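The values are calculated or read from the model by the stated rules, or taken from the named source; none is laboratory data. Keep in mind that what you see is a predicted model, and the values were worked out from it rather than measured. All Cβ positions, even for glycine, are placed from backbone atoms using ideal geometry, and neighbour counts span all protein chains on display.
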Amino acid sequence: MRVIAAMSGGVDSAVAAARAHEAGHEVTGIHLALSRNPASYRSGARGCCTIEDANDARRAADIIGIPFYVWDLSDRFHEDVVEDFMDEYAAGRTPNPCLRCNEKIKFAAVLDRALALGFDAVATGHYAQLRTGSDGLVEMHRATDDAKDQSYVLGVLDQQQLRHSLFPLGDTPKPQVREEAARRGLLVADKPDSHDICFVADGDNAGWLREKLGDRAPNQGGPILDETGAQVGEHEGTYAYTIGQRRGLRLGRPAPDGKPRFVLDIEPVSGTVTVGPRERLSVDRLEGIKPRWCGTVPTLLDGPGVSVQLRAHGREHGAVVRVDESGDGPAVGIDLLEPAEGIAPGQAAVIYDGTRVVGSATISRAHRLVDA
């Protein structure tokens with residue numbers, strides 16, 4: 001096969017490209033230039049949008065012995081990922097830009113261009129596994145290394161995209177990947193993993209949003225209220241908060257019971273943030289919109305292996321999932337078999353049947369065990 005290897009400049013994508021090449025595929029390495037100005041996003045090893053990363057990817061391609069190109073997708077990335085991130089926070093929701101990047105950039109824009117150029121597949125360093133099911137569909141499963149499993153952020157991929165994807169690392173623990181990189185002479189063998197959001201300087205979401213939103217911000221401040229409606233503090237913009245947040249609230253009045261308080265609700269229009277005790281964060285039902293299915297569209301998922309994951313590195317929650325396509329748009333209802341905490345609209349609920357990823361939906365509403 002002719003394969004595009006997406007090379008971020010890190011160890012995982014370098015080893016994935018090397019394995020695809022060693023398997024006999026005709027591999028071409030590409031690095032995605034995602035920032036209009038590399039200095040405006042991350043620097044060093046924290047992100048994946050730097051000139052340093054591009055140089056590391058190029059050196060790895062040279063060592064592997066494959067052609068290498070840089071594809072400029074900065075405009076598409078800014079529109080589909082960065083602008084979406086700002087819009088969602090401004091609306092009081094909590095997005096996951098990594099899912100959006102996989103959906104819109106790596107497995108849409110990149111894959112579309114690769115297929116148009118005559119390539120057969122895109123290989124990445126994601127930790128997930130692909131198998132062919134008894135029905136002939138390509139199934140995506142969790143990686144064998146639970147600590148590195150990235151199937152959650154790939155839960156937006158559909159069957160067409162999975163048929164043209166390769167995940168060469170899904171069966172290998174991360175320490176072995178680093179050892180293999182060293183044996184292959186790849187200079188990124190000990191390079192630290194990237195983390196946080198690649199385009200947010202220093203990991204300060206609130207500060208970044210404050211600078212970038214400007215006049216687009218829904219408000220520039222307002223009251224922080226407790227459950228009774230009493231004002232207990234002030235904020236500088238609702239976009240800086242997410243449901244379940246505890247740190248950085250700077251409340252002027254302690255809770256009567258002395259316990260810490262968490263963000264319960266965000267109202268961008270009125271400019272209010274409501275806080276309360278941790279027990280008020282527990283939810284047992286979720287509503288989802290904009291579902292994306294990895295294979296056939298289910299109607300009911302109910303069994304011992306059915307679960308949902310609600311955060312990139314969160315635990316699984318047993319669940320019953322119902323899909324309703326009779327309304328204006330497909331809707332997903334999720335009943336949790338045990339409560340979850342701090343779930344915010346905008347987050348993704350990725351649905352599993354055992355280790356297989358069934359699909360995902362964007363959470364539109366979380367029903368609390370204790371009503372307001």
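Okay, residues lined up against (1) assigned to a helix (DSSP H, G or I); (2) closer than 22 Å to His141 by Cα; (3) hydroxyl-bearing (Ser, Thr, Tyr):
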{"site": "Leu162", "(1), (2), (3)": "yes, yes, no"}
{"site": "Leu169", "(1), (2), (3)": "no, yes, no"}
{"site": "Thr172", "(1), (2), (3)": "no, yes, yes"}
{"site": "Gln176", "(1), (2), (3)": "yes, yes, no"}
{"site": "Asp190", "(1), (2), (3)": "no, no, no"}
{"site": "Phe199", "(1), (2), (3)": "no, no, no"}
{"site": "Gly207", "(1), (2), (3)": "yes, no, no"}
{"site": "Lys212", "(1), (2), (3)": "yes, no, no"}
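Among the residues of the stretch 74-120, the ones that are more than 23 Å from Ile266 (Cα to Cα) and aromatic (Phe, Trp, Tyr) come to 3 in all. Of the numbered criteria (1) over 16 Å from Ala340 (Cα atoms); (2) not in a strand (DSSP E or B), the one Val275 fails is (2).
With respect to being farther than 30 Å from Gly237 by Cα, of a type in the set (Gly, Ala, Ser) and in contact with a His (Cβ under 8 Å, 6 or more places away or on another chain), Ser307 fits the description.
For every residue, the table says whether it meets (1) modelled with pLDDT under 95; (2) more than 22 Å from Arg178 (Cα to Cα); (3) crowded, with 22+ Cβ neighbours inside 10 Å.
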{"position": "His126", "(1), (2), (3)": "no, no, yes"}
{"position": "Arg131", "(1), (2), (3)": "no, yes, no"}
{"position": "Asp135", "(1), (2), (3)": "yes, yes, no"}
{"position": "Met140", "(1), (2), (3)": "no, yes, yes"}
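Scanning the stretch 144-180 for residues that are among the small types (Gly, Ala, Ser) and crowded, with 23+ Cβ neighbours inside 10 Å yields a count of 3.
Checking each residue of the stretch 323-337 against the condition of being under 22 Å from Leu99 (Cβ atoms) and touching a Cys at 6+ places or on another chain (Cβ under 8 Å) gives no match. If we scan the stretch 278-295, do we find a residue that is assigned to a loop (DSSP other than H, G, I, E, B), in contact (Cβ under 8 Å) with a residue 24 or more places away in the chain and among the β-branched types (Val, Ile, Thr)? The answer is no, given that none of the residues of the stretch 278-295 is assigned to a loop (DSSP other than H, G, I, E, B), in contact (Cβ under 8 Å) with a residue 24 or more places away in the chain and among the β-branched types (Val, Ile, Thr). Residues that are assigned to a helix (DSSP H, G or I) and within 16 Å of the chain's Cα centre (by Cα) within the stretch 91-145 comprise Pro97, Cys98, Leu99, Arg100, Cys101, Asn102, Glu103, Lys104, Ile105, Lys106, Phe107, Ala108, listed in sequence order. Cβ contacts < 8 Å: first residue under 10 Å from Ser8 (Cα atoms), restricted to the stretch 52-74; second residue aromatic (Phe, Trp, Tyr) and outside any helix (DSSP H, G or I), any location; separation 6+ or different chain. Result? Every condition considered, the pairs that remain are Ala57/Phe68; Arg58/Phe68.
The residues of the stretch 70-114 that are more than 27 Å from Thr272 (Cβ to Cβ), surrounded by fewer than 18 Cβ atoms within 10 Å (Cβ to Cβ) and acidic (Asp, Glu), listed by number, are Asp72, Asp75, Glu79, Asp112. Within the stretch 124-169, being over 21 Å from Glu316 (Cα atoms) and of a type in the set (D, E, K, R) holds for Arg131, Asp135, Asp158, Arg163. Scanning the stretch 321-332 for residues that are surrounded by fewer than 17 Cβ atoms within 10 Å (Cβ to Cβ) and in a strand (DSSP E or B) returns Arg322, Asp324.
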